[in-house]
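The block underneath contains the structure these notes are about, expressed in structure tokens.
The values are calculated or read from the model by the stated rules, or taken from the named source; none is laboratory data. What you see is a predicted model; the values in this text were computed from it and never measured. Positions of Cβ are generated from backbone atoms using ideal geometry, with glycine treated the same way; all protein chains shown enter the neighbour counts. We work out accessible area using only protein heavy atoms, side chains counted, and drop any ligands, DNA or RNA first. Shrake-Rupley method; radii C 1.70, N 1.55, O 1.52, S 1.80 Å.
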Amino acid sequence: MKIIKKVILKIYHIMQCHYWSFRVLVWLKELGITRRINFFVMCCNGRQKKICTNEMERCQNFYEENRERIVSMMDILSDEKSKIVWEKVMDYRRMRCPIPRGLYSEHDQYFCRDIIKLCDGEVFVDGGAYTGDTLQQFMDTCKKENVHYKRIIAFEPDKRNFALISKFYGKRKDIMLIKKGLYRKEAVLSFKEEGMNSQLNESGECKVDVINVDAISECRDATFIKMDIEGAEMDALYGAQETIMRNRPKLAICIYHSNEDMIQIVEYIHSLVPEYKFYIRHHSKSAVETVAYAVIDKERNAV
């Protein structure tokens, strides 16, 4: 199994290095196939069973200790599906109960058509750009919907990932690439480089620059902010407070990196802009890829 894992990762890394094979990966991601492969690779890890048991126990304790907050958060969510999705994801995290097939979608992460409506003049902030797959999905979606965006600002601190983004998109005038992570303030932090699992970490072997959204002038007119930054979402949201309160941009924020994030992120955004409509959608059959969407009601597509 370990050999299979190494071969899959090798093929994946090779495909990332060439534009057209990278576009194939983006297409496979939209179909949900790359996520299933990633799930298979994770299962090849011999330590996974023990890790899952520990995570389940922590989640069970968290769920019991935060029942009042859970009830309050459910009142904030704007549709019944969001409440059911959140509960089923927590059931998976607590007890590994399978998530019903109709409650997760692997092909439309960050761009759910029943929630997100793109408009001309979009300024898209991509927090955790990885190798550029999401910003490419954003451009593809704009093209499909005949929408003309204004600008993309992509943040990615990982050296290898940033090199790939720069290779494919570095010469485009409508895309601004920033080799920094998102955080609550400008600083230098420890960082652990592990490809798609890279993250801010005190035990990280290298130092990286981080900055907050509010400090970037090009983000001042942001209309859509996406964050998938391996557990640093809350810190990054603190650093985007002024932009969120001023612009009320569409938000697609990953909340699956911790049990606390599953509640706290919605609580915090709601405290900044009570007028937001909140939706929870899940984009895998496991515990990962749960996203909180926040939109002003007029921006939603008719369902």
Only one of (1) open to solvent by less than 20 Å² (accessible area, probe 1.4 Å); (2) in contact (Cβ under 8 Å) with a residue 40 or more places away in the chain; (3) of a type outside the set (A, V, I, L, M) does not apply to residue 105, and that is (1)
Log entry, pairs with first residue in segment 77-99 being touching a residue at least 24 places away in the same chain (Cβ under 8 Å) and over 25 Å from residue 274 (Cα atoms), second being assigned to a helix (DSSP H, G or I) and of a type in the set (S, T, N, Q), beta carbons closer than 7 Å, six or more apart or on different chains, reads 94/60
Of the residues in segment 112-139, those that are under 25 Å from residue 180 (Cα atoms), out of contact with any strand residue (DSSP E or B) (no Cβ under 9 Å at 6 or more places or on another chain) and acidic (Asp, Glu) come to 133
Taking segment 161-184 and the residues there that are buried (at least 16 other Cβ atoms within 10 Å of the Cβ) and basic (Lys, Arg), the one that is farthest from residue 22 (Cα to Cα) would be 184
In the set 228, 297, the lone residue that is out of contact with any helix residue (DSSP H, G or I) (no Cβ under 8 Å at 6 or more places or on another chain) and of a type in the set (Asp, Glu) is 297
Of the conditions (1) closer than 20 Å to residue 210 by Cα; (2) not in a loop (DSSP other than H, G, I, E, B), the single one that residue 268 does not satisfy is (1)
Here the qualifying pairs (Cβ atoms under 9 Å; residues six or more apart or on different chains; first in segment 13-37 and under 17 Å from residue 140 (Cβ atoms) and open to solvent by 70 Å² or more (accessible area, probe 1.4 Å); second part of a helix (DSSP H, G or I) and at pLDDT below 70) come out as 27/33
Going through segment 260-285 in order, the residues found to be open to solvent by 10 Å² or more (accessible area, probe 1.4 Å) and at pLDDT below 95 are 285
Going through segment 211-230 in order, the residues found to be out of contact with any strand residue (DSSP E or B) (no Cβ under 6 Å at 6 or more places or on another chain), β-branched (Val, Ile, Thr) and part of a loop (DSSP other than H, G, I, E, B) are 216
Within segment 194-212, is there a residue that is modelled with pLDDT of 85 or more, closer than 25 Å to residue 263 by Cβ, open to solvent by 30 Å² or more (accessible area, probe 1.4 Å) and not basic (Lys, Arg)? no
Residue check, residue 146 polar (S, T, N, Q), more than 15 Å from the chain's Cα centre (by Cα) and part of a loop (DSSP other than H, G, I, E, B):
yes
Margin query: I'd like to check something: does segment 70-79 contain any residue that is closer than 11 Å to residue 281 by Cα and part of a helix (DSSP H, G or I)?
Written below: no
In the set 152, 76, 84, the lone residue that is open to solvent by less than 10 Å² (accessible area, probe 1.4 Å) and modelled with pLDDT of 95 or more is 152
